[in-house]
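What follows is a short report on a single structure.
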Amino acid sequence: MTVVANGVRKEYGPVVAVEDLTFTARPGEILGVLGPNGAGKTTAIRVLTTILAPTRGTFSVAGVPHARPAEIRRRIGVLPESAGYPGRQTGDEYLRYHARLYGRNRTEAAEATRALLGEVGLHERRRSLISTYSRGMRQRLGIARALINDPQVVFLDEPTLGLDPAGQREVLGLVGRIANERGATVLLSTHLLAEVEEACSRVLILNRGRVAAEGTVAEIARRAAAPRSARLRVPPEWMEEALRALAGAPEVATAARADGQPGSIAVRLLEGHESLNGGIGALATAGVPLLAFELEGARLNDAFLAMTGTR
Amino acid sequence: MASVARARPRPAWPIVAGQELRDLWLGGRGLPLSLAFSALLSILSYLVATNRSLNFLEQHESVNLTLQVAIAVGAMLTLLAAADALSGERERGTLETLLLTPVSRLELTIGKLLGALTLWVAALLITMPYIWFLGRGIGIVGDALAVGALVGSLLAVFLASLGLLVSVFAGSNRVSLSLSLLVLLALFAPTQFPAGAQQGWAGELLQRLNPLTAGEHYVGKIVVDRHPWSDDVSWLASPLVAAVVFGLAALVAGARFIRLDGGPPG
C-alpha cells in the first residue's frame, strides 16, 4: 500500500475537520476523493501531505510513517487546491527552481524541466512569464511541478476547478498518464463525478469529515440508497399501452409521462425493489418497443448524493 | 514504478536565497527601491553641499547626516523586504508549494533573510560615491564608509530579522507590513524628542537601549567628533545585541512556526 491512513483526526480549535479517516491506496491506482464543500477533502490532503499535523491517528505515505514529514515530502507530488504561481517567473524558471529544491543539480534540473514541460504541453511557452498563462496552463504547470521529483504518490486537489471542458479533459488525460505510465498512486480530489467514474479505479467519499464510503465505483454505486427510479423511452404512439403495462408490474409504485423527450416515462420503484425486470417483462408481453432504459440510483452521482445527504 | 527522488546532498538555503535575489532584483522591487534611495541621497547631498558652501553645515556633519540617512533608510528597506518574505508568499498562495518541498523551514528562513539583506548591500554601494563626494579632502571617507558598513549591517540584520519574525506569524501582508513599520516608527521616535529630553542619564539610557539611536550616535562620534573607534564602542552594544537576539529569534521562529495560515504559535 502506498497510502495508509488509520483513524486520522484533525481539529481546528473546537471544529473537527477530519474524523477517523481510515483508508488505503494501492500502487498505481487513481483514488478519487469525493465530498461536498466542507467535507474535509482539502484538510485530509493537507494532513497526508504533512502541511498540517494530525491531531490524532497515524498514516504512512510511500511506506514512510507520518513522524518523518521531510522524507514523505521527498516522495510525494502535490497540486494544492488554490496554488499560487509567481507571475514574474517563466514556467521554465519555476520548474527549475523547484527541481533544485529537491536536490537536483543545475543540469539535472534543466533536463527534468524540459521533459516535464513537454509532457504537459507547455514547451512552446516555457520562456513566457507565468502571469501570461491561462488557468489551464497554470494547472498543467502545477501538475508538472508536482512531478518534478518523480514522486511515488501524487495528490491533486481539484485540478480541474475553473477549467473549460477541453481543459478538464486535458488535465484528466494527464492524470491517467501519471498512474499508467509513471506507476504513481494518484489521489484525485474533484467535484466532477463523471470524470471520477471514468478515470478512478476506486473512490473515497467524505462527508462531514468522515469516510462515508470507500470502494470501486461499481461497489459504491450499488450501495446507493433507495428509493430508486427509472426512466424509459418508448415510441410516443405506444405511450398509453406502456403506462398500462407498467402499472401492473409488481415493483412499480408509479409510472407517468416524463417531461422532455416525447415517449419518455418516469418510473418510481416500490420500497425494497432494486430492478425493473417485471416492468420490462410486462412491456415485452404487451409488445411495446423499448427504445431506451436507465435505472437511476445505480450511478456514482446517485450514490454520492445519497451518502452525503444532499438529495 | 516511479523512483524515489534522491536524498538532498547539499544545503537548500543558497538555492532559496538565489531565487529571492532573482525575484527581488530581476523585475522585482529591488531596482525601483534602489532608484528611489539613490534619488533621496542625491537630493540630500545637493542640499548639504549647498549648505556647506554657505557655511551652515560643517563638512564632517554633511557626511554624518548623509551617512545616517543612508543607514536608516537602507535598513528600513530590508525591514520592508523581510516583512513581505513569508506573509507575501502566504497571501500570493505560493507558500504551500514551498512548504511541500523537503527544504527545512530553517533553510527557507535563512534564504529569505539573506535575500532581504541584499537591499542593504545595494544601499551601501549606492551610498559610497555620495560619501566620497561630500567627504573628499578631509580624510574621512574611509572611516565613514567603514563605520557606516558596520553599524548599517548590524541594524539591517536587526530590522530584517524583526520583519521576518513578524512575517512568520502574520496572517496577511498588510498586517505584517503595518506592524513592522509601527515598530520602526517607535524606534525612530526618540530622535524627535526635544534636545533636553535626550540629555541626562535617562535620555542617554534611552539612546543606548535603542539600537537605532545608539548606532547613529556611534557613527556621529567617529565621523564628526573623530574619536578613535574604541572610545565609544559601548554604544554598539544594543545594535549588536539586537542583531544577534532578533536574528536568532527569527531563525528559531522560522524553523518552528512557519505555517500555512500564519497565526500565533500554539
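Read the figures in this text as sums done on the coordinates, not as results from a lab. All figures in this text were calculated on a predicted structure; none of them were measured in a lab. Ideal geometry is used to build each Cβ from the backbone, glycine not excepted, and the neighbour counts take in all protein chains shown.
Reported to the nearest whole Å, the Cα centre-to-centre distance from region A:232-278 to region B:133-197 is 82. Against the empirical 2.2 N^0.38 Å (N residues), region B:28-107 has a Cα radius of gyration ratio of 1.67. Taking the Cα atoms only, what angle lies between the long axis of helix B:30-53 and the longest principal axis of chain B, rounded to 10 degrees? Helix B:30-53 sits at roughly 0 degrees to that axis.
Taking amide H as placed 1.01 Å from N in the peptide plane, the amide H of A:LEU206 sits under 5 Å from that of A:LEU34, A:GLY35, A:ALA212, each at least 5 places away or on another chain. Note on chain A: with a GNM built from Cα contacts shorter than 10 Å, the maximum mean-square fluctuation among A:LEU156, A:LEU276, A:LEU31 falls on A:LEU276. The amide H of A:GLY38, built 1.01 Å from its N in the peptide plane, has no neighbour under 5 Å, considering only residues 5 or more places off or on other chains.
When you work out D = kT/(6 pi eta Rh) for region B:28-257 at 4 °C and 1.567 mPa s, using the Kirkwood radius from C-alpha pairs as Rh and the Stokes-Einstein form, the result is 70 µm²/s.
Averaged over the residues of peptide B:89-100, the number of Cβ atoms from other protein chains lying within 10 Å of each residue's Cβ is 6. Other protein chain C-beta atoms within 10 Å of residue C-beta, averaged over A:98-106: 6. For region A:229-307, the relative contact order comes to 41 percent (Cα pairs under 8 Å, sequence separation of at least 6). Length, then width, then depth: along the principal axes, the Cα atoms of region A:229-307 run 39, 26, 16 Å. One Cα centroid belongs to region A:36-71, the other to region B:50-111; the line between them spans 37 Å. Computed from the Kirkwood radius of its Cα pairs, the Stokes-Einstein diffusion coefficient for chain A at 20 °C and 1.002 mPa s stands at 98 µm²/s. For chain B, find the longest principal axis of its Cα atoms and tell me its angle to the long axis of helix B:237-257, 0 to 90°, nearest 10. Roughly 10 degrees between the two axes. Axis of helix A:135-146 versus longest Cα principal axis of chain A: the two differ by about 60°, to the nearest ten degrees.
The helix-based estimate of mean residue ellipticity at 222 nm for chain A, built from -39,500 (n - 2.57) per DSSP H run of four or more residues and divided by its residue count, is -10500 deg cm²/dmol to the nearest 500.
Principal semi-axes of the equivalent ellipsoid, √(5λ) from the alpha carbon gyration tensor of the protein assembly as shown, are 67, 23, 22 Å from largest down. Here the 3J(HN,Hα) profile of region A:281-293, calculated from phi with Karplus coefficients 6.51, -1.76 and 1.60 at θ = phi - 60°, is x, 5, 5, 5, 4, 7, x, 7, x, 9, 8, 8, 8 Hz, Gly and Pro shown as x. Per the Kirkwood formula applied to alpha carbons, region A:19-64 shows a radius of gyration over Rh ratio, Rg over Rh, of 0.94.
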